[in-house]
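Peer 1: Let me begin by handing over the structure; questions about it come next.
The values are calculated or read from the model by the stated rules, or taken from the named source; none is laboratory data. Just so you know, these numbers come straight off a predicted model, no measurement behind them. So basically every Cβ, Gly included, is an ideal-geometry build from the backbone, and we count neighbours across all protein chains shown. To get the accessible areas, we keep the full protein, side chains included, count just its heavy atoms, and leave off ligands, DNA and RNA. Shrake-Rupley method; radii C 1.70, N 1.55, O 1.52, S 1.80 Å.
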Amino acid sequence: MNKRTCTALAALLAAPLALGAAGCSGGERQSDDGKDGGRKNPAAANAGAVLGGTPQKGGTLTVLSNQDFTHLDPARNWVMSDMDFGTRLLYRTLVTYRAAPGAQGGEIVPDLATDLGTPSDGARTWTFHLKQGVKYEDGTPVTAQDVKYNVERSFSPDLPGGADYAARYLAGAEGYRGPAEGKHLDSVKTPDEHTIVFELNKPFAEFPNATVMPTFAPVPQSRDKGPQYDNRPFSSGPYKVDSYDRNKKLVLVRNDHWDPRTDEVRKAYPDKLVVVMGLKANQIDDRLIASQGADASAVSWGALRPESAAKVLPDAQVRQRLLAESQNCTDMVQMHTGRAPFDDVRVRRAVQYALDREAVMTASGGPAFNDPSTAYMPAALFGGKQPDTLKIPATGDAGKAKELLKEAGKPDGFSTKMTVSSGDKGRAEAIQQSLGKAGIKVTIETIDPSAFYATIGDTKNRTDMVYTGWCPDYPSGSTFLPFVFDGRFVKEKGNSGNHSLFRDDATMKRMDGIAAMTDPKQATRAWQQLDGEILAKAPAVPVLVRRWPLVLGTNIAGAYGQTSFGGQLDYATAGLKDPSRSQG
Amino acid sequence: MTTTAPSPSALPTGNGPWRLARRELRRRPSVTVSLAVVALFLLMAAGAPLLSALAGWSPEEFDKNAVDPYLGGRPIGPLGGVSADHWLGVEPVTGRDLFARVVHGAQVSLLIALTATAIVVVTGTAAGIAAGYFGGRTDAVLSRLMDLTMSFPSLIFMIAMMSVAKDVNRVLLMTAVIGLFGWPGVARVVRGQALSLKHREYVDAARVGGSGPWRILTRDILPGVSGPVIAYTTLIVPGMIATEAALSYLGVGVRPPTPSWGQMIAESVAFYDTDPMYFVVPSTCLFLTVLAFTLLGDALRDVLDPRSSRT
Amino acid sequence: MILYTARRLLGVAGVLLAIAAVTFTVFYVLPSDPAAVACGKSCSTDRLEAIRAHMGLDRPLWRQFADFVTGIFTGRTMGSGRYALHCSFPCLGYSYENSASVWALLMDRLPVSASLALGAAVLWLLLGLSAGVTAALRKDTLTDRALMVGAVAAASLPVYFTSMMLIYGLIRVAGLLPYPQYVPLGDDPLHWASNLLLPWLALALLYAAMYARQSRSSMIEAMAEPYIRTARAKGLPRRTVVVKHGLRAGMTPILTLFGMDLGGLLAGAVITESIFGLPGIGRLFYGALSTGDQPVILGVTLMAAAFIVVANLAVDLLYAVVDPRVRY
């Protein structure tokens, strides 16, 4: 989950700033080019810009992918890129993100709704009015009842995987199992076809931010086919599914009943979108770098592989077509604070000192595609730049780590295990290597991404260390620190966020205090300060913030990384320079 | 490592035919060369810690100065970073020494392959002799079991088992899993041999002479089947090495950062064009070892297995 | 012959049942929880239980197996109410991960794997047999030596190495072929073939080498048989002797090998499919493993076993046709 903004970040990246000078890569990077003592980030040149100018209407935009979507059913779609694809092309939500590069992409604008919602009862009740004239692909109008129906669907055990905002905030939602057996949620009311009212279980001033989730997209009851709906979502957006051959190909064509006058976000330039799936990731990179023939009108679904960086970065021609927006999620090593040896703060601090962030960055594609992290919350929540309160060198300090271990009564170090998603294996090996220098022997358990959260969410059987990340859902500390460090959110199974199982009374008390603050500026400062306080207690080690590098075909226009979708291409505006060059 | 060379002094019986075999093998240049290659890799595997110490790098040690972080960690210098410091260059991204990794990879790959082979040969021989010599119900049950095992889609099943098993010793598990599906092949060969030996005069003589079945099996039948078994063994070693590599290639093999050839190749595939050296080094090792074992097995079969060396 | 076939068919059913039982036990007992995987990032205990009940994972293992086996013959209905799923005969279970019945998934992927396997088989038989027979007939000449050295070398090359070299040489450098991207045969036969050419080559090279070696030795063996000598002595043309007598007798071991290989490949060449990004059964299987999609794992294993067993049966029956010495 992440959607957020970063005001100053874009400016920071656009500036030709030497990374070494940004206090990121420690003091000992030998400059081997010797010209300016460091190197500017060659990947960040296009940050905040729209590549390729304004697209022409028409043509076929091809998306090359090494995988299938996890879920396109709006009740189940909770993967950053999939949400981008679903909500930008196939279905509309009450509220959505502005289609703009850089920080502006984090702003929310009305979509199905006429405004950003009206709170009442101290933000315990939220009312949205739907626009007139919004239609499905068969020409029937979108109703408030359909939005309510999809919210209800998201509770079905037959339809797992979706965001849990509705479950977390709607009143009387406990034990609700979806509409399949004819039961409905009383806390969502639809007084007429164009009005929907949500009754929450506690005041929630940021509720509109949650209604960008596909959970709040309409699904007409007559079209609902349970789990099969995933294979053929019914469109309320500018495109509809023409054919969907799972794991092979998805073809979208225009939904003629979509009315651009009701939609200020989606531009819908191409006539057709074709997603080709199951390709090899490195072959996708090669094809887009070469950008020959039909591949000129193609984009990659997944991020550029780190291995391909050597083919992209030295080549100015290719670099012009490179997007590398920050994902704004912090990768962390989280330690099980409830168990020995990590119940000792000195041991945890030893890990903070031992970890060589620079090595992990290299394993992650290098400083061009990553920024090192010195705080938990990503730079966007610090107004553009993370503070460095601990002043640990980016390459780590094994000596200091050993000292701390000796103090903790472990002069010979210890052995432990770390669970990582299989895609993070290289990063994990870099961590393993650097901790090994301080005498901490780490065994790596790699888990496939799909099973990763289930594995680390099982707090009893998981390893003492996990490598995972957290993304703020929108630019507020309230979507980061409480999720990651509030001990009251810890669950025995299906635990998420607080993988340190950090239960610190002072921290929790402070979080409640900040949540009650009415002045947003004061709250922001308080979150920032709390971040540093938690860092000193070392439940986790912040490692890095990744970017989402994408190489575009030469015929692609209107392209930028949407900051709210983890830097994925914004499908609301992407199109072709010259539609006649694309192949149907 | 008992499976490689049928060194005559190590074998207990009948020096005559073995000496003959040895002379026959010496005449073939392919045998000499492949023996040398096999010996080289075995030595490399056995002396891995020593060799990598000599080169100055442990297989898991990063060398940040050897790679360029801005180019996705591409090795600095020609041929994937070959230098006096790194004899075969370095791994991209991490800068780990390729020589040290390939040498340690040999250890893991060969250890798994040879142990699995040993399991297969011991189980297969035991089952084959039992089925062939005792016949009747024992034969029926064992033969059914062989048929069943051979009907298993072994690679698919191996991948599946490796991928679901979590908290276990990967090397051990991999050895066991690979060994599990190989034995019926050996068992069939041995069963056939045992069937034909069972009624030879010298076996009958031993039986009449009051030898127990155990004694007959170990003293009379086993030596009789050893020739074909040795040849067959050498021929399945390459298959075992390739299987280990395939499993590691698919990411269900040994855990990082432990190197094995298959795993190294899997990781280097992504760099095959940007850093060909990284891809070529482990691939060549795998190729040479498999090739050498195959050639050796061919020769041994010709010489030791009278049935197929009829030509 | 009929009795023999019937008895063998019965055996096939038994073997498949045994394999199903073993696979079922192994994958349903091992610690992986498909419900937790489906549940996603944030999953309450309550919801997890509900999903587990919905998938039928709360039932005793033997009941799940019994349901599975009966489902194959009668079809099954899973869940109830609006979202009830009907999985019709032959029901190999339902993949929640793919929102489709396992049978439908297998049938969807089979054409890809079959295209790959059959195309490669044609190539390797052509290459392998001709090389093997040529070498056998020119035993101990330079041609024989060269062919056999080449065969041993090709057989020793791992398929991923050959594949990468082919991709680099023919796609990247020469630009002769497109990056493989499966096109159904029915859509466009020419594109079907040109897209599959590389995977065919990569697979065929490996197998051709093995077949060359095998066919050479069986040919040599066959040509030394007394009846061949008789045929020659009768003055039959060399060609007739080789093709009608030698090759026919020498085919038996090749046939065995071919049955096993083709049976194995039809159910998916995991590595080749993954290197070339072909959406066949191997890829389906590999994907299912990573998501813990047990119904698909079980389905693919069973199907692969079925192919192997049936191929073996077919080969045994064909023996009688190919080799006049065999009678049932």
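Peer 1: Could you check segment B:1-90 for helices (runs of 4 or more DSSP H) lying wholly inside it with 3 or more residues that are closer than 17 Å to B:I230 by Cβ and modelled with pLDDT under 85?
Peer 2: In segment B:1-90, B:15-26 are the helices (runs of 4 or more DSSP H) which contain 3 or more residues that are closer than 17 Å to B:I230 by Cβ and modelled with pLDDT under 85.
Peer 1: Would you confirm whether any residue within segment C:241-255 is at pLDDT 85 or above and touching a helix residue (DSSP H, G or I) at 6+ places or on another chain (Cβ under 6 Å)?
Peer 2: So far as segment C:241-255 goes, yes, one or more of its residues are at pLDDT 85 or above and touching a helix residue (DSSP H, G or I) at 6+ places or on another chain (Cβ under 6 Å).
Peer 1: Now for a different question. Is it the case that segment A:428-439 has a residue that's within 12 Å of chain C (Cβ to nearest Cβ), among the basic types (K, R) and in contact with a helix residue (DSSP H, G or I) (Cβ under 7 Å, 6 or more places away or on another chain)?
Peer 2: No, the conditions are met nowhere in segment A:428-439.
Peer 1: Confirm whether B:V189 is touching a residue at least 24 places away in the same chain (Cβ under 8 Å), away from every other protein chain (no Cβ under 11 Å) and open to solvent by 30 Å² or more (accessible area, probe 1.4 Å).
Peer 2: yes
Peer 1: Among the listed residues B:V269, B:V229, which satisfies the condition of being within 13 Å of another protein chain (Cβ to nearest Cβ) and either farther than 26 Å from A:K425 by Cβ or surrounded by fewer than 23 Cβ atoms within 10 Å (Cβ to Cβ) (or both)?
Peer 2: B:V269
Peer 1: Sort through A:A350, A:A324, A:A359, A:A398 and tell me the only one that's out of contact with any Phe, Trp or Tyr (no Cβ under 7 Å at 6 or more places or on another chain), among the hydrophobic types (A, V, I, L, M, F, W, C) and surrounded by 24 or more Cβ atoms within 10 Å (Cβ to Cβ).
Peer 2: Being out of contact with any Phe, Trp or Tyr (no Cβ under 7 Å at 6 or more places or on another chain), among the hydrophobic types (A, V, I, L, M, F, W, C) and surrounded by 24 or more Cβ atoms within 10 Å (Cβ to Cβ) holds for just one of A:A350, A:A324, A:A359, A:A398, which is A:A350.
Peer 1: Name the pairs: first residue in segment A:265-284 and facing chain C (nearest Cβ under 8 Å), second residue among the hydroxyl-bearing types (S, T, Y), Cβ to Cβ under 6 Å, at least 6 apart or on different chains?
Peer 2: From segment A:265-284, the pairs are A:M277/A:S65; A:Q283/C:Y179.
Peer 1: Here's something else I'd like to know. When you look at C:A233, is it surrounded by 15 or more Cβ atoms within 10 Å (Cβ to Cβ) and small (G, A, S), yes or no?
Peer 2: no
Peer 1: Output the residue which, of all residues in segment A:139-165 that are open to solvent by less than 10 Å² (accessible area, probe 1.4 Å), in contact (Cβ under 8 Å) with a residue 60 or more places away in the chain and closer than 16 Å to A:D111 by Cα, is nearest to the chain's Cα centre (by Cα).
Peer 2: Ranking the candidates gives A:V147 first.
Peer 1: Also: Does at least one position in segment C:87-107 carry a residue that is at pLDDT below 95, more than 23 Å from the chain's Cα centre (by Cα) and aliphatic (A, V, I, L, M)?
Peer 2: No; the residues of segment C:87-107 include none that is at pLDDT below 95, more than 23 Å from the chain's Cα centre (by Cα) and aliphatic (A, V, I, L, M).
Peer 1: Look at A:R232 and say whether it is without any contact (Cβ under 8 Å) to a residue 24 or more places away in the chain, within 18 Å of A:L89 (Cα to Cα) and open to solvent by 10 Å² or more (accessible area, probe 1.4 Å).
Peer 2: yes
Peer 1: List the residue pairs whose Cβ atoms are under 8 Å apart, where the first residue sits in segment A:168-182 and is more than 8 Å from chain C (Cβ to nearest Cβ) and of a type in the set (F, W, Y), the second is assigned to a loop (DSSP other than H, G, I, E, B) and surrounded by fewer than 16 Cβ atoms within 10 Å (Cβ to Cβ), and the two are 6 or more positions apart or on different chains.
Peer 2: Filtered contacts from segment A:168-182: A:Y169/A:N201; A:Y169/A:K202; A:Y176/A:K183.
Peer 1: For segment B:59-90, which positions are within 29 Å of the chain's Cα centre (by Cα) and more than 10 Å from chain A (Cβ to nearest Cβ)?
Peer 2: If the condition is that a residue be within 29 Å of the chain's Cα centre (by Cα) and more than 10 Å from chain A (Cβ to nearest Cβ), then B:P59, B:H86, B:W87, B:L88, B:G89, B:V90 are the ones that fit.
Peer 1: Can you pull out the residues in segment B:280-296 that are in contact (Cβ under 8 Å) with a residue 60 or more places away in the chain and more than 7 Å from every other protein chain (Cβ to nearest Cβ)?
Peer 2: Selection gives B:V281, B:P282, B:C285, B:L288, B:T289, B:A292, B:F293, B:L296.
Peer 1: If you take the residues in segment C:33-47 that are surrounded by 21 or more Cβ atoms within 10 Å (Cβ to Cβ) and either more than 9 Å from chain A (Cβ to nearest Cβ) or under 21 Å from C:A288 (Cβ atoms) (or both), which one is modelled with the highest pLDDT?
Peer 2: Filtering segment C:33-47 for residues that are surrounded by 21 or more Cβ atoms within 10 Å (Cβ to Cβ) and either more than 9 Å from chain A (Cβ to nearest Cβ) or under 21 Å from C:A288 (Cβ atoms) (or both), the one modelled with the highest pLDDT comes out as C:A35.
Peer 1: So, B:M277, is that one more than 12 Å from chain C (Cβ to nearest Cβ), aliphatic (A, V, I, L, M), more than 20 Å from C:M148 (Cα to Cα) and touching a Leu at 6+ places or on another chain (Cβ under 9 Å) or not?
Peer 2: Yes: the conditions hold for B:M277.
Peer 1: Run down B:A113, B:A130, B:A100, B:A140 and say which single residue is away from every other protein chain (no Cβ under 14 Å) and among the small types (G, A, S).
Peer 2: B:A130
Peer 1: Looking only at segment A:485-501, which residues are surrounded by fewer than 24 Cβ atoms within 10 Å (Cβ to Cβ) and either assigned by TED's automatic domain parsing to the domain that holds A:I108 or at pLDDT 90 or above (or both)?
Peer 2: Passing the criteria: A:D486, A:G487, A:L501.
Peer 1: Could we say that B:M240 is in a helix (DSSP H, G or I) and either in contact (Cβ under 8 Å) with a residue 60 or more places away in the chain or in contact with a strand residue (DSSP E or B) (Cβ under 8 Å, 6 or more places away or on another chain) (or both) here?
Peer 2: Yes, satisfied.
Peer 1: Here is a follow-up. Criterion first (of a type in the set (S, T, N, Q), open to solvent by 20 Å² or more (accessible area, probe 1.4 Å), out of contact with any helix residue (DSSP H, G or I) (no Cβ under 7 Å at 6 or more places or on another chain) and closer than 30 Å to C:F276 by Cα) does C:S101 satisfy it?
Peer 2: Yes; evaluated as a whole, the condition is true for this residue.
Peer 1: Any chance you could count how many residues in segment A:223-241 are modelled with pLDDT under 95 and hydroxyl-bearing (S, T, Y)?
Peer 2: Number of matching residues: 1.
Peer 1: What are the residues in segment A:132-167 that are within 14 Å of chain C (Cβ to nearest Cβ) and part of a loop (DSSP other than H, G, I, E, B), if any?
Peer 2: A:S154, A:F155, A:S156, A:P157, A:D158, A:L159, A:P160, A:G161, A:G162, A:A163, A:D164
Peer 1: Go through the residues of segment A:192-206 one by one and say whether even a single one is within 14 Å of chain C (Cβ to nearest Cβ) and farther than 22 Å from C:N98 by Cα.
Peer 2: No, the conditions are met nowhere in segment A:192-206.
Peer 1: Ok, one more. Check off (1) open to solvent by 30 Å² or more (accessible area, probe 1.4 Å); (2) over 25 Å from B:G72 (Cα atoms) for B:M277 and give me the number that stays unchecked.
Peer 2: Unmet for B:M277, out of (1) open to solvent by 30 Å² or more (accessible area, probe 1.4 Å); (2) over 25 Å from B:G72 (Cα atoms): (2).
Peer 1: Continuing with this model, one more query. I need the helices (runs of 4 or more DSSP H) fully contained in segment B:114-225, keeping only those with at least 3 residues that are under 20 Å from the mean Cα position of the chain (by Cα).
Peer 2: Answer list for segment B:114-225: B:154-164, B:170-198.
Peer 1: I'm checking my understanding of the structure. Among residues of segment A:440-455 that are open to solvent by less than 20 Å² (accessible area, probe 1.4 Å) and within 23 Å of A:D356 (Cβ to Cβ), which one is farthest from the other protein chains (Cβ to nearest Cβ)?
Peer 2: My answer is A:I440.
Peer 1: Hey, another quick one. Looking at segment A:292-404, what helices (runs of 4 or more DSSP H) fall wholly within it and have at least 2 residues that are in contact with a helix residue (DSSP H, G or I) (Cβ under 7 Å, 6 or more places away or on another chain), in contact (Cβ under 8 Å) with a residue 24 or more places away in the chain and more than 14 Å from chain B (Cβ to nearest Cβ)?
Peer 2: So the answer is A:345-354.
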